[in-house]
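Quick notes on the structure that follows.
The values are calculated or read from the model by the stated rules, or taken from the named source; none is laboratory data. Computed from a predicted model, the values in this text were never measured in an experiment. Because the Cβ atoms are built from the backbone with ideal geometry, glycine has one as well, and the counts that use them run over all protein chains shown. To get the accessible areas, we keep the full protein, side chains included, count just its heavy atoms, and leave off ligands, DNA and RNA. Shrake-Rupley method; radii C 1.70, N 1.55, O 1.52, S 1.80 Å.
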Amino acid sequence: MDGHMGIANSLAMKIAGIDKTTNDPIGGTIMRTAEGEPTGLLVDTAMVLMFDVIEKVSIHERREALLRASRHALMRGVTTVVDVGSYFPGASAEKTWQDFSDVYEWAHSMQKMLIRVCLFFPMPTWARVSDLISENGRSLSQWIHLGGVKAFLDGSLGSSSALFHEPYEGDPGNYGLQVTDMDSLLNRTLESDKSGLQVAIHAIGDKANDMLLDMVDKVVDLNGVKDRRFRIEHAQHLAPAAANRFGKQGIIASVQPDHLLDDADFAAKKIGFDRAQRSSYTFRSLLAGGAQLAFGSDWPVSDINPLQAIQTAISRKPPGWEVPWIPAERLSLDESLKAHTISAAYACFLDHAVGSLSQGKYADFVVLPSTSWDAFASDLPAHVLATYVSGKLAYP
């Protein structure tokens, strides 16, 4: 579930050697019965205990997956994606690098790239990323761009592992999980930032976001002011003063509107009605505070469907709801479009090349069934008619 919780049956746990005596790894939880027996639910870094015994996916399947995923993205009108790699806290960073060499470099050399990608690599390998950029520059071609490094600070709301200042409802001892040591995170961020890499860190709970905002203050103090475009991935639940700090520090809030379609139904159960109302998906507050708001999908956790996500940010109405969830945080069509286009491009240093139809940029665009801007605004279409990349038809 959402990359932060997995379930294993009894045979799988036996093969992996998980039993009553197995300790919880740092940053993870093995869920247990009252008698201390593992239930099979493994949260965050505890999933790593299973990874080594899961059969590896072949190079052929991974290459085919890139092409299938690219075609699916084009069908939805997506021409550029940020890929933060198949990386989980506590897991080996090597898989992301294998995907780079086995899949992306192969697709690049065989001229099979269909969409543009901006790649982020696990933060522990920052020196390797820095060397790669020194050798190749920021772009291998118009298709593959080297973005920076990615790390995690907490888990997710769905698995009750997002890190909050206050405990979860009905679970007074659980404030969530801090999956990375803060000293280590600060030191690696300082080194990455000093070497010119963009840094993206996952934070969902209000405490995790506050900890990152404090850390960015330290990075600026120690490394100086510059155009670093620090990204906080998700920025999902924010304490009252946090939105203004994003703007003050020039931090990118990299958020996913369609996640609220699920969370609207159970956020109150997880953290209480009042906390959910004041802290969740604060798009309008972030913009008002001067933050750079970049929209994405987090696919495959939620669907890769910008037209739906634009509608979600405008209406904030999950399926079956008559009224919006936290209506004060709704955006206009123009704001939602910008967050999906030019602001998303800015968030990965690609606004010089994509994100708007401007002279000197790649002609990446979609054709919609709407007959006018007014028609588009009053009735957002559910699909694109065509997608063009570099001025050439890429879908259908």
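Key figures for this structure:
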{"item": "Lys/Arg +1, Asp/Glu -1 at C-beta; the stretch 58-153 dipole; positive extreme among Asn136, Phe120, Leu74", "result": "Leu74"}
{"item": "Protection-proxy order for peptides 354-361, 3-10, each taking the mean of Cβ atoms within 10 Å per residue, highest first", "result": "3-10, 354-361"}
{"item": "Per-selection metrics, the stretch 215-371 (Cα): Rg and Dmax in Å", "result": "16.4, 53"}
{"item": "Per-selection Rg to Rh, the stretch 161-233 - Cα, Kirkwood hydrodynamic radius", "result": "1.05"}
{"item": "Paired Rg and Dmax values of the stretch 278-340, which use every Cα atom, in angstrom", "result": "11.5, 33"}
{"item": "Descending Cα extents along the principal axes, the stretch 180-299, whole Å", "result": "42, 29, 29"}
{"item": "Percentage of interatomic Cα-Cα distances in the stretch 1-61 larger than 20 Å", "result": "23 percent"}
{"item": "Cα centroid separation, the stretch 75-149 to the stretch 323-396 (Å)", "result": "24 Å"}
{"item": "All-pairs Cα distance distribution in the stretch 1-136, expressed in whole percent, bin size 10 Å", "result": "10, 33, 29, 19, 8, 1"}
{"item": "Order by protection proxy (mean Cβ within 10 Å, highest first), peptides 289-298, 89-98", "result": "289-298, 89-98"}
{"item": "Accessible area expressed per residue, the stretch 55-157, with surrounding protein chains retained (probe 1.4 Å, Å²)", "result": "44 Å²"}
{"item": "Cross-link pairs Lys248/Lys361; Lys150/Lys194; Lys218/Lys248 - those with Cα-Cα distance over 23 Å", "result": "Lys248/Lys361"}
{"item": "Normalised convex hull volume, the chain, alpha-carbon set, Å³ per residue", "result": "151 Å³"}
{"item": "Descending semi-axes in whole angstrom, ellipsoid equivalent of the stretch 40-93, from the Cα gyration tensor", "result": "27, 15, 10"}
